[in-house]
Amino acid sequence: MSIEVKDLSYTYSVGSPFQKEALNGVSFSISEGETVGIIGSTGSGKSTLVQHLNGLIKLTSGSVKVYDIDLSIKKPDFKQLRATVGMLFQYPEYQLFEETVLKDVAFGPLNFGATKEEADAAAEEAIRLVGLDFEEIKDKSPFELSGGQKRRAAIAGILASKPKILVLDEPTAGLDPVGKREILRLITSLKKSYVKTVLMISHNMDEIGEYCDRVLVMSEGKLISDNSPQNIFADESILSGTGLSLPHTARIRRMLETQGVFLQGNPLSAEALAYAIADALGGRS
């Protein structure tokens, strides 16, 4: 088991007029190799939840275990934890800060105890891994890069420390459709060859439906559903009251049903939907 969370609760600003319960009795486990989507409206507890996974928020109630690192003990090994769990925040390009791309990407390994030579080698590997031309950009300022390149450089900065778990908070936010597709393809490629487990927060239900094996649905600090995207998006009542909508593919399927066209299964990618419609109409032309 790569992640095990039991009865996790958290309250901000305890004892003040601004006290707010962010998490209430959340429990789930994630096996190594899964890609898990986390969805919910703003304020549902998604970010508070994932920030517990690498110790950015201190555990106060319940238990969290990441591989063999138990955050319930008095002094967890936060250094090992943060090397294990790589976290990419929303608009990660705003996290870029060094004078060159190479220095920025090498910062993580250096911080975790690598020599300069080891850190530079890890940074070069990560930069190439995310599809950037190492020789072309290594000495550039991160701020000279395009938006898509900045996003890739920020991902490289996480990968350079070789995490087992990658947590992505709205990884495609602010990108155009082409940029979104490129980042999602990159994440899929990394999952196959480099990172074992991926957690992805997103308000984009199409991305969650197409790229995730499982979906955790958060509402008002509680985990209200944990199931496959096919099962989650087949039952509209699960998302009722969350402020979330069905993926476009699920909405098209429902619209077709009102016209007497019934599809096999619950296709959640555009390609799968197209094949299902062709099958329903008697051919794959």
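The values are calculated or read from the model by the stated rules, or taken from the named source; none is laboratory data. This one's a predicted model, so the numbers in the text were calculated from it and none came from an experiment. Neighbour counts run over all protein chains shown; Cβ positions are idealised from the backbone, glycine included.
Considering K75, K46, the condition of being surrounded by fewer than 17 Cβ atoms within 10 Å (Cβ to Cβ), over 21 Å from A156 (Cα atoms) and basic (K, R) is satisfied by K75 alone. Residue count for the range 13-35, restricted to those that are more than 15 Å from G62 (Cβ to Cβ) and touching a Ser or Thr at 6+ places or on another chain (Cβ under 8 Å): 8. In the range 158-165 there is at least one residue matching the filter, namely being modelled with pLDDT under 95, farther than 20 Å from T249 by Cβ and part of a helix (DSSP H, G or I). Within the range 271-284, being in contact with a helix residue (DSSP H, G or I) (Cβ under 7 Å, 6 or more places away or on another chain) and either among the small types (G, A, S) or modelled with pLDDT under 90 (or both) holds for one residue alone: R284. Comparison of P76, P92 shows that the only residue that is touching a strand residue (DSSP E or B) at 6+ places or on another chain (Cβ under 8 Å) and either in the same structural domain as N54 (by TED's automatic domain parsing) or of a type outside the set (D, E) (or both) is P76. The C-beta contact set for the range 107-131 (first residue touching a residue at least 12 places away in the same chain (Cβ under 8 Å), second residue surrounded by fewer than 19 Cβ atoms within 10 Å (Cβ to Cβ) and aromatic (F, W, Y), distance under 6 angstrom, 6+ apart or interchain) comprises E124/F134; I127/F134.
Scanning the range 83-108 for residues being assigned to a helix (DSSP H, G or I) and either closer than 18 Å to V195 by Cβ or at pLDDT below 90 (or both) gives a total of 8. Within the set A119, A106, A83, A123, the sole residue that is assigned by TED's automatic domain parsing to the domain that holds T172 and surrounded by 19 or more Cβ atoms within 10 Å (Cβ to Cβ) turns out to be A83. A residue that is under 16 Å from the mean Cα position of the chain (by Cα) and among the polar types (S, T, N, Q) can be found somewhere in the range 168-175.
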